[in-house]
Amino acid sequence: MKKTYLHQAHIDAGAKMVDFGGWDMPINYGSQIEEHHAVRQDKGMFDVSHMTIVDLKGPESELFLLKILANDARKLTDGKALYSTMLNEKGGIIDDLITYKRGDNNYRIVVNAGTREKDLAWFEKQIKTFDASITERPKVAMLAVQGPNAITACLTVLPTDIATTLSTLKKFCAIDDEGYFIGRTGYTGEDGVEILVPEDKVIDLWNKLIEAGVKPCGLGARDTLRLEAGMHLYGQDMNEEITPLECGLGWTVRKEDFNFIGADALTALRTQGITKKMTGVVLTERRILRHNQELVDENGLTGIITSGSFSPSAEVAIGMAIVDKNMGKNVKVKIRKKELAVKCIKLPFVRNGKVLIEK
């Protein structure tokens, strides 16, 4: 299995390591629940160096992004970030990613670890007709420091000039200076940053953050945090067989200049009528919602759980589900041979530490 530069640091910290898409990664450091609460209530950090980082440069870089992204790259100004889906010709989602603008004809793209090979192949295939180039940055490490007190902790360990800029940095903006690339972004529903540094600097940064009281957290807590925040996981809540219009990501699709890959398929889908939607699901009984469990309402309309788990913040079972757009109120989930009543609610379940589920 592949290892990040922090692999030994995880083992030294007592992490339980698991195979995550071919990477040997920490699932937790003893208690996933404690790590979850640390991020919701204080501060925690994740090694996300398995993510794929590529740089895009060239005179036609923006035109390339307008072709491959459903969202509008023209929104980007220097130092800004953009979340988008990337679609195939049928409108299915190849991946979701974040693009940062670093300057004129200069962009940085962060894509999922599990989709690295197909994403890079897609980039190379589509860029052939553009005056631009893609370069992977495998020697760049990435830490996600998240939680209501995450920024404050980062200010104490970063160089003075960087810290000064970070103190006023707005969300979905980035700092690109002195070897640090810092985006005010994350995957937890809490405030925080994602810090990209050369691999040989990441151990020192990791240790300084621990000294500042930042709790190391594993991928287990990262998953429950993102689920509570209603954030999609590629391969579960979206894939190449589902369009963004059907899984709650229609907001990532630009409304004008439909010239991106997959646009024709989305136009056809709108004309035919969208029959699916994404919803939140809550189960109050002592069971856990899991991926691929079936949902059915009183009229026989169906749906499927795409992501599910126990919510440490709300202390109930929660899930994200793609269902028939006319799904009624009396919905049941099939768990083994039983049908248990669930409640469909609007996502997210938790926002900025506040539980939004009505009891």
Got a sec? Which strands (runs of 3 or more DSSP E) wholly within segment 261-330 have at least 2 residues that are closer than 19 Å to G250 by Cα? 276-283, 302-311, 316-324
Go through segment 46-59 residue by residue and tally those that are over 20 Å from D176 (Cα atoms) and out of contact with any Ser or Thr (no Cβ under 9 Å at 6 or more places or on another chain). 1
Taking interchain pairs and intrachain pairs at least six residues apart, which have beta carbon atoms under 6 angstrom, with the first residue in segment 138-157 and surrounded by 19 or more Cβ atoms within 10 Å (Cβ to Cβ) and the second modelled with pLDDT of 95 or more and aromatic (F, W, Y)? A141/Y5; A144/F46
Of all residues in segment 93-135, how many are of a type in the set (D, E, K, R), surrounded by 14 or more Cβ atoms within 10 Å (Cβ to Cβ), touching an Asp or Glu at 6+ places or on another chain (Cβ under 9 Å) and in contact (Cβ under 8 Å) with a residue 60 or more places away in the chain? 5
Take the conditions part of a loop (DSSP other than H, G, I, E, B) and either of a type outside the set (G, A, S) or surrounded by fewer than 16 Cβ atoms within 10 Å (Cβ to Cβ) (or both) and apply them to G30. Does it pass? yes
Scan segment 15-27 for residues that are over 16 Å from I203 (Cα atoms) and small (G, A, S) and report the count. 2
Looking at segment 101-133, which of its residues are more than 10 Å from K57 (Cβ to Cβ) and of a type in the set (A, V, I, L, M, F, W, C)? I109, V110, V111, A113, L120, A121, W122, F123, I127, F130
Qualifying residue in segment 335-347 (condition: within 22 Å of the chain's Cα centre (by Cα) and either buried (at least 16 other Cβ atoms within 10 Å of the Cβ) or of a type in the set (G, A, S) (or both)): yes
Residues satisfying the stated conditions in segment 239-283, i.e. buried (at least 21 other Cβ atoms within 10 Å of the Cβ) and more than 28 Å from I318 (Cα to Cα): F260, G262, L266
Cβ-Cβ under 6 Å pairs, at least 6 apart or on other chains, segment 9-35 side hydroxyl-bearing (S, T, Y), far side assigned to a strand (DSSP E or B) and buried (at least 17 other Cβ atoms within 10 Å of the Cβ): Y29/P216
Wholly enclosed helices (runs of 4 or more DSSP H) of segment 147-234 bearing at least 1 residues of a type in the set (F, W, Y) and over 21 Å from the mean Cα position of the chain (by Cα): 199-211
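The values are calculated or read from the model by the stated rules, or taken from the named source; none is laboratory data. What you are looking at is a predicted structure, and each value in this text was computed from that prediction instead of being measured. Reconstructed Cβ throughout: ideal geometry from the backbone, glycine too, with neighbour counts over all protein chains shown.
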